[in-house]
Amino acid sequence: MHLKLKNPLAVFDLETTGTNVVKDRIVEISILKVTPNGESSTKTLKINPTVPIPLECSLIHGIYDDDIVDAPTFKTVAKELGKFLEGCDLAGFNIVRFDVPLLVEEFLRAGVDFDIKNRKLVDAQKIFHMMEKRTLSAAYKFYCGKDLEGAHSAEADTLATFEVLDAQIAKYEGQKVVDHLGKEVAVIENDVNALHQLSASNMVDLSGRFVLNNNNIEVFNFGKHKGVAVEKVLEKEPGYYDWMMKGDFPLDTKRKLTEIKLRAFNMK
């Protein structure tokens, strides 16, 4: 082990009902606790979130409502988890923006004091992004083997982007694209339509306020109606349309919302 530890380090990951820290719940937690002398122990628990798991989330992490019917609620295991994490610094992938805030919310809802002010937080994603740059210049160097001269000028960036895209097809054509569960979701094809499906297949409006769900239905991608069909919301809460049209939303978003409303109205 290369890591030098002063305190036990708890590396953890959450599977959840969604990505809203306030509203969503944990359905599985796995913790690897490593001590300064290199000893380790693992705790993995499925959790009954007490709310339905959206299908789109189940398709990602493979946990469905039936899988957690008999699982304990977070409140039931909160003290046990708090004890297991006592004195530990925390680590994970994207934990600062999501996993830690959601975990703290769950502890607070359970009435268990889980203070992180004296804990160190280590985010492997941040280190990854800092060390392996995700810029056009880095992509140009990786795929084309050249330094990008004049980066951030429109013309240089445009020409480099085409070279990167062309090199990506040469490198990846015919290769499978898999999700984090190892399930094949696509194959890289030398075809613009297929590349569109990889890049923006579920896009409805350009700002991403609406997206297509797995049934190809437009759903809200923000706020209190996130994941709910736009038509259904407009039918049950007509005032929501007026609120959005008067709100600080892009014109493209308002145009798409109007198109959906008119289509639904004409179908009746």
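The values are calculated or read from the model by the stated rules, or taken from the named source; none is laboratory data. Everything numeric in this text was worked out from a predicted model, so none of it was measured. Here the Cβ positions follow ideal geometry from the backbone for every residue, glycine too, while neighbour counts run over all protein chains shown.
Quick notes
- Note on the range 20-58: residues that are within 18 Å of K79 (Cβ to Cβ) and assigned to a strand (DSSP E or B) amount to 10.
- Qualifying positions in the range 91-122 - assigned to a loop (DSSP other than H, G, I, E, B) and surrounded by 14 or more Cβ atoms within 10 Å (Cβ to Cβ): F93, N94, A110, V112, F114, I116, R119
- Every condition in (1) among the hydroxyl-bearing types (S, T, Y); (2) within 27 Å of V177 (Cα to Cα); (3) assigned to a helix (DSSP H, G or I) holds for S207 except the one numbered (3).
- Residues that are under 15 Å from V11 (Cα atoms), part of a loop (DSSP other than H, G, I, E, B) and not polar (S, T, N, Q) do not occur anywhere in the range 123-131.
- Residue count for the range 213-232 under the criterion of being under 24 Å from V21 (Cβ atoms), outside any helix (DSSP H, G or I) and out of contact with any His (no Cβ under 9 Å at 6 or more places or on another chain): the result is 9.
- Out of A156, A229, one residue alone is surrounded by 11 or more Cβ atoms within 10 Å (Cβ to Cβ) and either outside the structural domain of L251 (by TED's automatic domain parsing) or touching a Gly at 6+ places or on another chain (Cβ under 6 Å) (or both). It is A156.
- Of the criteria (1) touching a residue at least 24 places away in the same chain (Cβ under 8 Å); (2) touching a strand residue (DSSP E or B) at 6+ places or on another chain (Cβ under 7 Å), which one P52 fails: (2)
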